[in-house]
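Reviewing the structure listed below.
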Amino acid sequence: MKQYLNGRWVALSILLALLAGFSIPFNTWSYSEFFALMGRRQPNRVWPEIFAIAGIVILFALIEYAYQRALNRNVAIFNQKVREHLLTADFIQTNQAGVADRLSYLTNDLTVVENNYLRQIFNIIRSVVTVVVTLAFALRSNFGLTLIFIAFASITPFTPKLLAKKTAHRAQQWSARVGRYMTFMADVLKNADTVLHYSALGFFLAKGRSIIGQSVTAQRRRDNTVAASNLVATVVAYVCMYLPIGFGVMMVVRGQLTIAAFVAVQYASNWIVNTFLVIAQSRNQMNATRPMLAKLAAFKALPANLLRLDQPTDRLGQFTALNLAAVTFAYADDAAQPILQTINLRVHQGEKVLLTGPSGAGKSTLISLLTGMRQPTSGTVQFQTAAGKAFAPDPTMFATVLQESNIFNDTLRFNLTLGRHFSSAAIQAALQKAGLAAYAADHGLDNLIAESGNNLSGGERKRIELARAFLYNRRFLVVDEGTASLDPATAAAIQQILLTAPMTVVEIDHHIAPDLSRRFDAHYALNAGQLTRVTA
């Protein structure tokens, strides 16, 4: 947590929490002082003390205001830093199915962490000060009776442990159920037209009713578990309050204690027990955030070089070929069933290579090995240069065009540059190569692209991705079913751009026409983990 906070603001909040913690002890003293004033029967002291007490109460109100503002600043700093961290961590590396879960974490889990963990830390500091100072005042009033109150009150902080594991488990279940609901709703919202056109809304309602029910039930069970834990804490706290009061009343009746001293100890005991209860409830709320904090700690920062703002260098440079030698790949938990077996592939610079094969054959896995996103179980994947040097591929050396286009809800210019500065001439050249110059001329570079490119045609989305690759001068392009969702004419036009592009291209495609496949420099078929070259 420390890396998401500001030391000076934390220190200020702790200081203000300490000062605010004196408010209740002062109120306890002032309440008993009223009884003392009545016992002294000195009218000349009444109004000066009343005004002094009122002034100090106002001062504590100002301290409380400053404390809340400092606490809000700490929450704001936490929000800023943790979201910046997640933006630059492997949190952003997920598939389409995981997007809803990630968004749920941002909107739900982090809010719980803010309120039930971060704020409670400072509240506990404040409460500890309140307990210590109030106890000191009570001990001064009557040592013996205060010890009785301390003995009973010391029981209450241990009550949250009774249901701590169950509370954390319920919170974890709730987080998972909300993530499932967000995934379901994301599907419905993205595919509403399909649902309506096939008159399937009733079936989605039935499915949604179950998912919503699981989500709200998980939330109800989580809240009920927290409520049960609070109930246990409350019952124990009140039992520990009223029994000592009985002892105090007996001492007054027997003449062992003055009424003013009893009021001081009794009034202090209320605050002591209530504050212990606040501490117990705060700890209970913090227990509920453990799954969220564990998930936050699991997200790891991406390499620092990905945050560079200068013009990206050509990390690939000149190469003669990308060579895969005896590459085998299997997942660690299923090593006996390799997805790819002894793959040998050589892609020369400037070549256009086609990979085909049935679904599940391992084509996308092969691409992830080729681009360095995964490491082979055995074998090597290396670029080779004319000078005989070899180096491993890195994802930043490649441009990719996938079936689902990577389009941002921003301007056309931003979708091309991704925030970097490029000259107008470079942008226009990239647009021209991608066949997007006419669109840019009609709509302008500052035309806003809708979320997921919904105000663009499929071909326009693909051309934007190609223009981006041209603008960044990527020498190696990987296309994974990039034209699968396009109409034949648009797909043919995109294929023409790919085949004539001044870069090395490796394309995966299921349904490419035979006459088009023959235009590639090499055609390989992947089946059952084996790669074979297809001859015309």
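The values are calculated or read from the model by the stated rules, or taken from the named source; none is laboratory data. Not measured: the values here are computed from a predicted model. Here Cβ is always computed from backbone atoms with ideal geometry, including for glycine, and neighbour counts include all displayed protein chains.
Counting only helices (runs of 4 or more DSSP H) that fall entirely inside the stretch 421-474 and contain at least 2 residues that are among the charged types (D, E, K, R) and assigned by TED's automatic domain parsing to the domain that holds residue 499, the qualifying elements are 458-471.
Scanning the stretch 475-488 for residues that are in a loop (DSSP other than H, G, I, E, B) and not small (Gly, Ala, Ser), we see that the one that is nearest to the chain's Cα centre (by Cα) is 481. So, residue 136, is that one in a helix (DSSP H, G or I), exposed (fewer than 14 other Cβ atoms within 10 Å of the Cβ) and at pLDDT 85 or above or not? The answer is yes for residue 136. Going by the conditions given, is residue 216 in contact (Cβ under 8 Å) with a residue 24 or more places away in the chain and out of contact with any Leu (no Cβ under 7 Å at 6 or more places or on another chain)? Criteria not met by residue 216. Filter the stretch 249-260 down to the residues that are part of a helix (DSSP H, G or I) and at pLDDT below 85, then identify the one that is nearest to residue 145 (Cα to Cα). The selected residue is 252. Annotation note: of 450, 501, 440, the sole residue that is in contact (Cβ under 8 Å) with a residue 24 or more places away in the chain and surrounded by fewer than 16 Cβ atoms within 10 Å (Cβ to Cβ) is 450. If you go through the stretch 292-299 one residue at a time, do you hit one that is at pLDDT below 90 and either assigned to a helix (DSSP H, G or I) or aliphatic (A, V, I, L, M) (or both)? No, because not a single residue in the stretch 292-299 is at pLDDT below 90 and either assigned to a helix (DSSP H, G or I) or aliphatic (A, V, I, L, M) (or both).
For the stretch 453-471, filtering for residues that are of a type in the set (Lys, Arg) and without any contact (Cβ under 8 Å) to a residue 60 or more places away in the chain leaves 2. Considering each residue of the stretch 65-73 in turn, at least one proves to be of a type in the set (A, V, I, L, M, F, W, C), crowded, with 17+ Cβ neighbours inside 10 Å and part of a helix (DSSP H, G or I).
I'd like the full set of residues that are assigned to a helix (DSSP H, G or I) and closer than 22 Å to residue 262 by Cβ, limited to the stretch 32-44.
Pass one, the stretch 32-44, residues assigned to a helix (DSSP H, G or I): 32-40, 43-44.
Scanning the stretch 32-44 gives 32, 33, 34, 35, 36, 37, 38, 39, 40.
Among the residues of the stretch 77-88, is there at least one that is in contact with a helix residue (DSSP H, G or I) (Cβ under 7 Å, 6 or more places away or on another chain) and farther than 24 Å from residue 286 by Cβ? For the stretch 77-88, residues in contact with a helix residue (DSSP H, G or I) (Cβ under 7 Å, 6 or more places away or on another chain) and farther than 24 Å from residue 286 by Cβ: present. Does residue 217 satisfy the condition of being surrounded by 13 or more Cβ atoms within 10 Å (Cβ to Cβ), among the hydroxyl-bearing types (Ser, Thr, Tyr) and outside the structural domain of residue 269 (by TED's automatic domain parsing)? Yes: the conditions hold for residue 217. For beta carbons closer than 6 Å, sequence separation of 6+ or different chains, a first residue in the stretch 342-370 that is in the same structural domain as residue 402 (by TED's automatic domain parsing) and a second that is buried (at least 22 other Cβ atoms within 10 Å of the Cβ) and not in a strand (DSSP E or B), the qualifying pairs are 349/319; 352/520; 354/520; 355/363; 357/363.
As for the stretch 119-141, it holds no residue that is of a type outside the set (S, T, N, Q), touching a Pro at 6+ places or on another chain (Cβ under 8 Å), over 27 Å from residue 66 (Cβ atoms) and in contact (Cβ under 8 Å) with a residue 60 or more places away in the chain. In summary, residue 245 fulfils each of the numbered conditions (1) more than 30 Å from residue 169 (Cβ to Cβ); (2) part of a helix (DSSP H, G or I); (3) outside the structural domain of residue 287 (by TED's automatic domain parsing) with the single exception of condition (3).
Among the residues making up the stretch 181-225, those that are hydroxyl-bearing (Ser, Thr, Tyr) and at pLDDT below 85 are 194, 198, 199. The residues of the stretch 139-170 that are at pLDDT below 85, assigned to a helix (DSSP H, G or I) and among the hydroxyl-bearing types (Ser, Thr, Tyr), listed by number, are 146, 156, 159.
I need a count of the residues in the stretch 234-252 that are in contact (Cβ under 8 Å) with a residue 12 or more places away in the chain and closer than 19 Å to residue 278 by Cβ.
Count: 8.
In the stretch 116-132, the condition of being of a type in the set (A, V, I, L, M) and under 15 Å from the mean Cα position of the chain (by Cα) is met by no residue. Taking the stretch 305-406 and the strands (runs of 3 or more DSSP E) fully enclosed by it, the elements with 3 or more residues that are modelled with pLDDT of 90 or more are at 321-329, 340-348, 352-356, 378-384. Of the residues 131, 57, 99, the single one that is under 30 Å from residue 189 (Cβ atoms) and either in a helix (DSSP H, G or I) or outside the structural domain of residue 264 (by TED's automatic domain parsing) (or both) is 99.
Checked against (1) within 20 Å of residue 347 (Cβ to Cβ); (2) polar (S, T, N, Q); (3) modelled with pLDDT under 90, residue 504 meets all criteria but (3). It is to be established whether one or more residues within the stretch 514-531 are modelled with pLDDT under 85 and either aromatic (Phe, Trp, Tyr) or buried (at least 21 other Cβ atoms within 10 Å of the Cβ) (or both). No, the conditions are met nowhere in the stretch 514-531.
The single condition among (1) among the aromatic types (Phe, Trp, Tyr); (2) under 21 Å from residue 275 (Cβ atoms); (3) buried (at least 17 other Cβ atoms within 10 Å of the Cβ) that residue 78 does not satisfy is (2). Taking the criterion of being under 30 Å from residue 107 (Cα atoms) and aromatic (Phe, Trp, Tyr), the only residue of the stretch 155-176 that qualifies is 174.
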